[in-house]
Amino acid sequence: MALLDVDNLSISFGGLRAVDDFEIHIEKGQLYGLIGPNGAGKTTVFNLLTGVYKPDEGNIVLDGKNITGQKTIEINKEGIARTFQNIRLFKNMTVLDNVKAGLHNSHHYSTLAGIFRLPVYFKVEKEMDERALELLEVFDLAGEADYLAANLPYGKQRKLEIARALATEPKLLLLDEPAAGMNPNETKELMDTIRLIRDKFDMTILLIEHDMKLVSGICEKLTVLNFGKILTQGDTSTVLNDPEVIKAYLGE
């Protein structure tokens, strides 16, 4: 059984079929790409997978459990985390506290313990500090742990958002155009980071991306969307050499 099984997923807005009969099957540990022209429905698929939208039809099964129609916070607890095309950080919080915000799925203390600063509060806070710093070390951000997130350079803000998503301990990580706005050096570093995440955390990753160098460099399989429908699916090299993909996606 695949880690993620999506079948017959569809949604309409005002009579427009934004995603039509979408399906995807992702094995544990895969680096999988979702590509297509602007407006093809890629981010809508991510919003369906993460509970932002409820599908009109179809099923989403994660690790054998049907999560269709669940709320975003419930889906996150089940094991799907994401980043966004437009970075969404708590910019007036520190780098460390941004990552700690993602740790509350797995680290808990009662409201009473927090208010009265009971011993369990300090114990859990210490554990979260240590875990957050471990994640920041992976992304070479430990030295900026006390910086405000807003003061990080753009490329490091991207890394911080991924670190925060990983703090929720997901089974599946969704990356929405992680290379958007990056220069070539930053993109190359991002490719190395994504591979590191997959290997170090045994992570399964589904990403939306327009940078074909990044896509061809790290994705093992691809699904191509066009006007909300699947154009083709398969191994990356086969898909990127498909004349229909070249015509519809690359505009050639």
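The values are calculated or read from the model by the stated rules, or taken from the named source; none is laboratory data. Bear in mind that the values here come from a model prediction, so they are computed numbers and not experimental data. Don't worry about glycine lacking a Cβ; one is built from the backbone with ideal geometry, like all the others, and counts go over all protein chains shown. With ligands, DNA and RNA removed, areas are computed over all heavy atoms of the protein, side chains included. Shrake-Rupley method; radii C 1.70, N 1.55, O 1.52, S 1.80 Å.
For the stretch 150-190, a residue qualifies if it is assigned to a loop (DSSP other than H, G, I, E, B) and farther than 17 Å from ILE218 by Cα, and the qualifying residues are LEU152, PRO153, THR168, GLU169, PRO170, LYS171, GLY181, ASN183. Scanning the stretch 167-195 for residues that are farther than 18 Å from TYR32 by Cα and either open to solvent by less than 50 Å² (accessible area, probe 1.4 Å) or within 11 Å of the chain's Cα centre (by Cα) (or both) yields ALA167, THR168, MET182. In the stretch 196-208, which residues are open to solvent by 30 Å² or more (accessible area, probe 1.4 Å) and free of Cβ contacts under 8 Å to residues at least 60 places away in the same chain? LEU196, ASP199, PHE201 - these are the residues of the stretch 196-208 that are open to solvent by 30 Å² or more (accessible area, probe 1.4 Å) and free of Cβ contacts under 8 Å to residues at least 60 places away in the same chain.
Please go through the stretch 135-149 and give me each residue that is open to solvent by 50 Å² or more (accessible area, probe 1.4 Å), assigned to a helix (DSSP H, G or I) and either more than 13 Å from ILE197 (Cα to Cα) or β-branched (Val, Ile, Thr) (or both), ordered by number. Write out each step before concluding.
Quick first cut of the stretch 135-149, residues open to solvent by 50 Å² or more (accessible area, probe 1.4 Å) only: 137, 140, 143, 146-148.
Restricting the remaining residues to those that are assigned to a helix (DSSP H, G or I) gives 137, 143.
The one that is open to solvent by 50 Å² or more (accessible area, probe 1.4 Å), assigned to a helix (DSSP H, G or I) and either more than 13 Å from ILE197 (Cα to Cα) or β-branched (Val, Ile, Thr) (or both): GLY143.
When LYS77 is tested against (1) basic (Lys, Arg); (2) surrounded by 14 or more Cβ atoms within 10 Å (Cβ to Cβ); (3) modelled with pLDDT of 95 or more, just one condition goes unmet, and that condition is (3).
Selection of the stretch 209-247 for residues being open to solvent by less than 50 Å² (accessible area, probe 1.4 Å), over 22 Å from GLY39 (Cβ atoms) and not aliphatic (A, V, I, L, M) yields GLY217, GLY234, THR236.
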